[in-house]
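See structure below.
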Amino acid sequence: NAGVTQTPKFRILKIGQSMTLQCTQDMNHNYMYWYRQDPGMGLKLIYYSVGAGITDKGEVPNGYNVSRSTTEDFPLRLELAAPSQTSVYFCASSITQGSWQPTTEAFFGQGTRLTVV
Amino acid sequence: QQQVKQSPQSLIVQKGGISIINCAYENTAFDYFPWYQQFPGKGPALLIAIRPDVSEKKEGRFTISFNKSAKQFSLHIMDSQPGDSATYFCAASRGYSTLTFGKGTMLLVSP
């Protein structure tokens, strides 16, 4: 089992460029998440998805877009890169049986370190 | 508004000592309190978690203490080892909602 796989691991973007961070999981988890991690700031939720075709904003969604066409994949799109988007991005997934079931363990990918110059 | 406050930001402990990291939360509806461990260059991984129906949970050298009335929970690492040097995050969630993370604590265990 590969778990949660993110690509690329590192990327340097110029201001105004666009890119897609890829995330795929092979655990058949229904929930998937994108977090950004900045030094001393913890993990902030960008977007999440509770299943294919369903996405919702997290705490810091501005400047990002997501889609979830399959259970396995949850790409994060940056349309016009800005220096404020320099960060480490983590994708995660978890399984929840239904609205009556509590949150379970979230599995994280290895991260993508993005620098916008 | 920060819903989960974590302290200290950094911590240095001698090998064999006890590491203690504290978290306080504001939302009384939270019902799941995990701790994640993150090594440099890696993603966070679940270390141990507790639900509010118990006051303590122990797994090996790691213990969560939970104080519902004070809205606080803490991670204790007994007999700390250099291999425990990492960043630790507390988190909380309600029902099936997403996790809210603390800002993290960088732990260094000196040999």
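The values are calculated or read from the model by the stated rules, or taken from the named source; none is laboratory data. Since the model is a prediction, treat every value here as computed from it, not as a measurement. Cβ: placed from backbone, ideal geometry, glycine included. Neighbour counts: every protein chain shown.
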Scanning segment A:83-117 for residues that are modelled with pLDDT under 95, in a strand (DSSP E or B) and of a type in the set (A, V, I, L, M, F, W, C) gives A:107
When you scan segment B:73-104, how many residues do you find that are farther than 25 Å from residue B:16 by Cα and away from chain A (no Cβ under 14 Å)?
0
Any chance residue B:5 is of a type outside the set (Asp, Glu) and under 23 Å from residue A:59 (Cα atoms):
yes
Looking only at segment B:79-97, which residues are hydroxyl-bearing (Ser, Thr, Tyr) and closer than 18 Å to residue B:6 by Cα?
B:85, B:87, B:88, B:93
For segment A:27-50, indicate whether the set of residues that are within 20 Å of residue B:45 (Cβ to Cβ), away from chain B (no Cβ under 11 Å) and surrounded by fewer than 13 Cβ atoms within 10 Å (Cβ to Cβ) is non-empty.
yes
One residue is enough: does segment A:65-78 have a residue meeting the conditions under 21 Å from residue B:40 (Cβ atoms), free of Cβ contacts under 8 Å to residues at least 60 places away in the same chain and surrounded by fewer than 14 Cβ atoms within 10 Å (Cβ to Cβ)?
no
Of everything in segment B:1-55, what is of a type in the set (D, E, K, R) and in a strand (DSSP E or B)? Give them in sequence order.
B:5
Condition first: under 13 Å from residue B:94 (Cα atoms) and out of contact with any Leu (no Cβ under 7 Å at 6 or more places or on another chain). Now tell me which residues in segment B:21-53 satisfy that.
B:25, B:26, B:27, B:28, B:29, B:30, B:31, B:32, B:33, B:50, B:51, B:52
So which of B:5, B:103, B:42 is charged (D, E, K, R) and crowded, with 18+ Cβ neighbours inside 10 Å?
B:103
Looking at segment B:78-92, is at least one residue buried (at least 17 other Cβ atoms within 10 Å of the Cβ), touching an Asp or Glu at 6+ places or on another chain (Cβ under 8 Å) and either assigned to a loop (DSSP other than H, G, I, E, B) or at pLDDT 95 or above (or both)?
no
State yes or no: is residue B:49 buried (at least 16 other Cβ atoms within 10 Å of the Cβ), farther than 29 Å from residue A:8 by Cβ, among the hydrophobic types (A, V, I, L, M, F, W, C) and without any contact (Cβ under 8 Å) to a residue 24 or more places away in the chain?
yes
Identify, by number, the condition in (1) more than 14 Å from the chain's Cα centre (by Cα); (2) away from chain A (no Cβ under 11 Å) that residue B:62 doesn't meet.
(1)
Assigned to a loop (DSSP other than H, G, I, E, B) and within 23 Å of residue A:59 (Cα to Cα): is that true of residue B:97 in this structure?
yes
Mind checking whether some residue in segment B:13-26 is more than 20 Å from residue B:103 (Cβ to Cβ), touching a residue at least 40 places away in the same chain (Cβ under 8 Å) and within 14 Å of the chain's Cα centre (by Cα)?
yes
